[in-house]
Amino acid sequence: MRLLARATITVDCERDCPVVAMLRPRSGTAQWVISERYEVAPWVPATEYVDGFGNLCQRYTVPQGRSTIAVESEVEVADQLGVDLHAPATPIAAVPDNVLVYLLQSRYCPSDKLEDEARAIVQGTAPGYAQVERIRQWIHDNHDYRYGVSHESTDAIDTMQAKAGVCRDFAHIGVALCRSLKIPARVVVGYLHQLDPMDLHAWFEAFVGDRWYTFDATQTEPRGGRVVVAYGRDIADVAFLSNYGPMEIREMTVSVEKV
């Protein structure tokens, strides 16, 4: 499936504001970037680097006043997600070095406090993919998708108590519960074709059967058509804009079309 993903962000800054952005998808085994356009108006000098999670990061200073950041990416992606209900849990000794970090608790995913809850949720389920799918289904069945419930400091436990949140909150619960069972898990942000309402989206991946699998508790069933922009331990690692000064987002529009 070939998708054209667009994001346009209009911001106001009281003064020149240094920014680190994550708005460019990267080619890899799960997707291939065919073409892209990245514009900052008014134009400013920019640099790019790869962070510790393999994400493409753009660094520039947004000038005082109003600016627009526009990104357009044409990407070849899978139209169906990989599913293997029999994929076993990967023994810790066999987990690759670069995956070990996704076993640790993090700011929004306090997995060290959730083992009892996780074991109750997956009771009677075979270790591995089946456990992660059971967690995904439990999140979907027991939490309402609702705006205005969470804020910048809401973690997985807060969302479980509120029984409501948005896509990033659902992803945090999935990651935290998986890690509490010694299953590596990470948050993913990007685009989802035919998401309703359309916006930048977040979901999670779990490492079972010696590979990463995608899980999305906001959806009723596995859906392909995803453009990955960034991976991280939680949402703090994958902010699409990290501003180091006063900045207000005035408007953001997102679209995903099948080419």
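The values are calculated or read from the model by the stated rules, or taken from the named source; none is laboratory data. This one's a predicted model, so the numbers in the text were calculated from it and none came from an experiment. Please note: Cβ atoms are built from the backbone with ideal geometry, for glycine as well, and neighbour counts cover all protein chains shown.
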By residue number, the members of the range 96-125 that are in contact with a strand residue (DSSP E or B) (Cβ under 9 Å, 6 or more places away or on another chain) and within 28 Å of His151 (Cβ to Cβ) are Val101, Tyr102, Leu103, Ser106, Tyr108, Cys109, Ser111
Can you pull out every residue in the range 1-44 that is free of Cβ contacts under 8 Å to residues at least 40 places away in the same chain and outside any loop (DSSP other than H, G, I, E, B)?
Ser35, Glu36, Arg37, Tyr38, Glu39, Val40, Ala41
Ser106: in contact (Cβ under 8 Å) with a residue 60 or more places away in the chain, farther than 20 Å from Pro25 by Cα, of a type in the set (Ser, Thr, Tyr) and surrounded by 12 or more Cβ atoms within 10 Å (Cβ to Cβ), yes or no?
yes
Would you confirm, using the coordinates I've provided, whether Val75 is assigned to a strand (DSSP E or B), farther than 13 Å from Arg179 by Cα and at pLDDT 95 or above?
yes
Every listed condition ((1) surrounded by fewer than 19 Cβ atoms within 10 Å (Cβ to Cβ); (2) under 26 Å from Arg223 (Cβ atoms)) holds for Met160 save (1)
Filtering the range 111-140 down to residues that are touching a residue at least 24 places away in the same chain (Cβ under 8 Å), surrounded by fewer than 18 Cβ atoms within 10 Å (Cβ to Cβ) and part of a loop (DSSP other than H, G, I, E, B), which residue is farthest from the chain's Cα centre (by Cα)?
Ala126
